[in-house]
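The values are calculated or read from the model by the stated rules, or taken from the named source; none is laboratory data. Just so it is clear, the model here is predicted, and its values are computed rather than measured. Don't worry about glycine lacking a Cβ; one is built from the backbone with ideal geometry, like all the others, and counts go over all protein chains shown.
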Amino acid sequence: MTRALLVGLVVALLGGGALVALPPSDPPQSGVRQPRADAPLLVDEFDQPPGLITNAWAYYHPYDPAGRVSPVWQVTSGSLFARGDRAWTGAPDLAQPDLGSSAGSGSAVFRLRSRRADLLDVEVRARVRVLQWTDVWGGSPDAVVLWARYQSEQHLYLINVLTSAGTVSAAKKVPAGPSPRNGGTYFTLPPYVSQRAAPVELGRWYEVGLQVCTGPGGRTSLTVLRDGEVVHQVEDVGVGSTVQLADTGALVTDESPPISEPGRVGVRADDAGLEIDRFEVRSLLDCPTGTAELQH
């Protein structure tokens, strides 16, 4: 893996990830907002000795000094390993991870979230490759997901960036609701599925990204990127808008406001084995409203 030149590095156990000053981003393309050129809010290149980074056992045993604790991440389901200067979920299975995830990864249901919970108008980018799709769990469509504005397991934005079906979509999960799963309902935001998506090639590296921001009118826009290209754009208008129940496809009226509070970011994977080469979060310079699906 090519490593960025590290100008400064700060790791705080409960405060966030490694902060790295990097060169400015490339000029923005149409439909892409420009992130600030100052130091990122969070960077992890996973260039560390091989072995377990952290796992769900550590999350559910926070006071046990034997647990593998990450200064950047929490894993609420599954395991995260380092190998070859990359992060790896391990082979997906439904094991309950032990102290060292020695009897199984549990990563067929993989949930990785940042310790930082103060991220608002940001661009999230990750270099990811899917090694395999499985049907071990079968609880959700096979997918790799980016999270943003994560308030809790029941309240967040969820972006399907890489799926076995090749689709891209964006959803808001709200507590309770008409079709709850794990205490919350997923509302897919219109336009419901990107027309610019393409099937995922196993073993190929993708740079996936998400820009999320709330404009002066209170609407939250989400722009999804793949390899630097905008592949999907949605806007969470909130109460009174028409949204789709992710479980059934039924159209319903949204009764929840946009998620406008800062929160965590993260990665979710369902029935997927994957590697992450780099994860970065930067602030956005501006946040205009009025996103729409790209013409194609």
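Quick notes on this structure:
- Test: residue in segment 253-262 that is part of a strand (DSSP E or B), surrounded by fewer than 23 Cβ atoms within 10 Å (Cβ to Cβ) and either small (Gly, Ala, Ser) or without any contact (Cβ under 8 Å) to a residue 24 or more places away in the chain (or both): yes
- Taken over segment 212-237, the criterion of being closer than 20 Å to ARG129 by Cα and among the β-branched types (Val, Ile, Thr) is satisfied by VAL224, VAL230, VAL231.
- Index of the failed condition, VAL237 passing every other in (1) surrounded by 14 or more Cβ atoms within 10 Å (Cβ to Cβ); (2) in contact (Cβ under 8 Å) with a residue 24 or more places away in the chain: (2)
- Residues in segment 156-198 that are small (Gly, Ala, Ser) and under 26 Å from ARG115 (Cα atoms) were compared, and the one that is surrounded by the fewest Cβ atoms within 10 Å (Cβ to Cβ) is ALA176.
- The set of residues from segment 244-263 being under 28 Å from GLY138 (Cα atoms) and more than 21 Å from the chain's Cα centre (by Cα) comprises THR248, GLY249, ALA250, LEU251, VAL252, ASP254.
- Residues that are out of contact with any Leu (no Cβ under 8 Å at 6 or more places or on another chain), closer than 30 Å to PRO40 by Cα and in a loop (DSSP other than H, G, I, E, B), drawn from segment 108-146: ALA117, ASP118, LEU120
- Residue in segment 240-249 that is surrounded by 22 or more Cβ atoms within 10 Å (Cβ to Cβ), at pLDDT 95 or above, outside any loop (DSSP other than H, G, I, E, B) and not aromatic (Phe, Trp, Tyr) present: yes
- Strands (runs of 3 or more DSSP E) wholly inside segment 166-233 containing at least 2 residues that are more than 22 Å from ASP247 (Cα to Cα) and β-branched (Val, Ile, Thr): 206-214, 220-226
- Exclusive hit being touching a Lys or Arg at 6+ places or on another chain (Cβ under 6 Å) and either surrounded by fewer than 16 Cβ atoms within 10 Å (Cβ to Cβ) or charged (D, E, K, R) (or both), set GLU229, GLU201, GLU153, GLU207: GLU207
- Selection of segment 86-103 for residues being assigned to a loop (DSSP other than H, G, I, E, B) and touching a strand residue (DSSP E or B) at 6+ places or on another chain (Cβ under 8 Å) yields THR89, GLY90, ALA91, PRO92, LEU94, PRO97, GLY100, SER101.
- For the criterion of being touching a helix residue (DSSP H, G or I) at 6+ places or on another chain (Cβ under 8 Å), assigned to a loop (DSSP other than H, G, I, E, B) and closer than 19 Å to ARG264 by Cβ, VAL69 passes.
- Note on segment 43-86: residues that are of a type in the set (Asp, Glu), in contact (Cβ under 8 Å) with a residue 40 or more places away in the chain and at negative phi total 3.
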